[in-house]
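The values are calculated or read from the model by the stated rules, or taken from the named source; none is laboratory data. Note that this is a predicted model, so its numbers are computed, not measured. Cβ sites come from the backbone with ideal geometry, for glycine too, and all protein chains shown count toward neighbours.
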Amino acid sequence: MRRSIAEGLYQVAWGAALVGGAPYWLVRRGLHGAEMRERWGEWEGLGAGGGALWVHAASVGEARAARGLLGSLERRGERALVTVVTPAARALEEELIARGALAVRHAPLDFAPFVERAFRRAPPRGLLFLETEIWPGLLRAARERRLPVAFVSARLTEGGLRRWGAFRRALTPLLDGVRVAAQSEEDGRRWRALGVADARVAVTGNIKYDRPAGPLGEQDRRRQRRGWERVAIFGSVRSGEIDAVVTAIREGARGAGATLFVIAPRHPGRVRERLLRKLEGLLPLVERTERRGELLPASDGRQAEILVVGTMGELPEYYALGDVAFVGGTLAAIGGHNLFEAAEWGLPVLFGPSTGTVAEVATALQAAGGGFQVADGEQLGRRLRQLLGDEQGRRRAAGGALEAARRLGGALERTLAVLERWEYPLAPAGPGGARGEPGPLPGGQGQGR
């Protein structure tokens, strides 16, 4: 298979970037040797990594979305190698291995010699890309080896279609034979427009939305809440949302009594100092800096407090203990973070107007009475205070959130079913491999052709 001119130029650009940026790469290798060795394809310690499936995720969100997939593969007797792009996702190695991964490695930079080296160190049986991880170098290496490739929980925005569409002639041979299990009908349409054959596209949903966990048992919940009457969670807060969160806490804390306000920034290290400065003098404040010990501080039964979470990977455990949640990336122009992650625990979910990447969940939550859109910090504070002060209303909203989550769930089962139909080389499902027959998509969407 000959390289197209565009592919050749892509590889030349990578080579130029590596040569021109040599001082940077060498300094980075000195500071982060293990990371850079992995990015250059120098994978070590994989043992039985050869012949495993590769599951490729970009960042923390995609890596967490892969957890259910990894668990399902493990129940089939399959432990997949997970490759990631960001250091934050790489730091989830322990969690991903506990969920069924064989190992976690930084993906090689998409330069042919690095990709070839990684393929030699751990020759895969097939590749599963999450969402929109289109890497021409990886796709070519898989194509040359006649490996099966599928994009699962696949997204493609209009902007992404425009960018990749400019290289459609070069991408077409790389996407030949690729399967796409898309999140929505619109995503499926865009993948087809990019050149994927209609018969190789199916709409299966977002695998982030697995079967909802449901509320924590009342006894465990009471014990872990450590005396707090109410717990409000501000999850995945971005830097541009700090002022709104502070405003909301100031409003929500009025007459709140034994209420704990938990703030979990999306990137704790980047916003910690600014956040602490903004919160100074507002309420008593404690920080969690290590993943050990109790999740919540003990309540004195009288006053409100603030907990700032500086750890990664614990947000779902906080949602399990909450009464109401605000999910970030929605008041900043980010497009929204994972609303489902809060809703599946039966929490009323508050969010801003920026929900482009989570629109289906936002719509489902509002329709079920479990989600509420706010315009700014003042509206967030008023809605928060209303929900915290109205137990019956909060319970109704919690029920709506859980109902919306249940309607959205099941995408993983649909995805595995369509991969089997496409004869993708998954290990056969054993007695405990599936959790039920895949149901229809919300809104009556089918599984594609």
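The residues of the stretch 168-200 that are in contact with a helix residue (DSSP H, G or I) (Cβ under 6 Å, 6 or more places away or on another chain) and either assigned to a loop (DSSP other than H, G, I, E, B) or not assigned by TED's automatic domain parsing to the domain that holds Leu147 (or both), listed by number, are Gly195, Val196.
Taken over the stretch 256-273, residues that are within 24 Å of the chain's Cα centre (by Cα) and surrounded by fewer than 24 Cβ atoms within 10 Å (Cβ to Cβ) amount to 8. Which of the residues belonging to the stretch 231-255 are within 13 Å of Arg383 (Cα to Cα), of a type in the set (A, V, I, L, M, F, W, C) and surrounded by fewer than 24 Cβ atoms within 10 Å (Cβ to Cβ)? Scanning the stretch 231-255 gives a single hit, Ala253.
The condition of being under 15 Å from Ala52 (Cβ atoms), surrounded by 21 or more Cβ atoms within 10 Å (Cβ to Cβ) and not β-branched (Val, Ile, Thr) does not hold for Ala154.
Within the stretch 1-51, the set of residues being within 30 Å of Ile97 (Cβ to Cβ) and assigned to a helix (DSSP H, G or I) comprises Trp25, Arg28, Arg29, Gly30, Leu31, Gly33, Ala34, Glu35, Met36, Arg37, Glu38, Arg39. Among residues of the stretch 114-143 that are not assigned by TED's automatic domain parsing to the domain that holds Leu156, none has a Cβ under 8 angstrom from a residue that is in a helix (DSSP H, G or I) and surrounded by fewer than 22 Cβ atoms within 10 Å (Cβ to Cβ) at a sequence gap of 6+ or on a separate chain. When the stretch 155-167 is limited to residues that are part of a loop (DSSP other than H, G, I, E, B) and hydrophobic (A, V, I, L, M, F, W, C), the one that is nearest to the chain's Cα centre (by Cα) turns out to be Leu156. One residue stands out among those in the stretch 198-234 that are free of Cβ contacts under 8 Å to residues at least 12 places away in the same chain and not basic (Lys, Arg): the one that is nearest to Leu419 (Cα to Cα), which is Gly217. Listed conditions (1) more than 30 Å from Gly329 (Cα to Cα); (2) in a helix (DSSP H, G or I); (3) in contact (Cβ under 8 Å) with a residue 60 or more places away in the chain; (4) in contact with a Lys or Arg (Cβ under 8 Å, 6 or more places away or on another chain) are all met by Arg64, apart from (1). Taking the criterion of being closer than 23 Å to Arg117 by Cβ and buried (at least 22 other Cβ atoms within 10 Å of the Cβ), the only residue of the stretch 64-80 that qualifies is Ala80. Scanning the stretch 28-51 for residues that are of a type outside the set (Lys, Arg), modelled with pLDDT of 90 or more and either surrounded by 17 or more Cβ atoms within 10 Å (Cβ to Cβ) or within 27 Å of Arg155 (Cα to Cα) (or both) gives Met36, Glu38, Trp40, Gly41, Trp43.
Residue by residue, here is whether (1) of a type in the set (Lys, Arg); (2) modelled with pLDDT under 95; (3) touching a Ser or Thr at 6+ places or on another chain (Cβ under 8 Å); (4) on the phi > 0 side of the Ramachandran plot holds:
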site	(1), (2), (3), (4)
Ser72	no, yes, no, no
Ala89	no, yes, yes, no
Glu94	no, yes, no, no
Arg99	yes, yes, no, no
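Here Arg394 meets the list (1) surrounded by fewer than 18 Cβ atoms within 10 Å (Cβ to Cβ); (2) touching an Asp or Glu at 6+ places or on another chain (Cβ under 9 Å); (3) farther than 14 Å from Ala248 by Cβ almost entirely, failing just condition (1).
Across the stretch 166-187, what is the total count of residues that are surrounded by fewer than 17 Cβ atoms within 10 Å (Cβ to Cβ), touching a residue at least 12 places away in the same chain (Cβ under 8 Å) and closer than 23 Å to Gly205 by Cα? Total satisfying the criteria: 3. Cβ-Cβ contacts under 6 Å between residues 6 or more apart (or on different chains), taken from a first residue in the stretch 13-36 that is within 23 Å of Arg90 (Cβ to Cβ) to a second residue that is of a type in the set (Phe, Trp, Tyr) and assigned to a loop (DSSP other than H, G, I, E, B), are listed as Trp14/Phe111.
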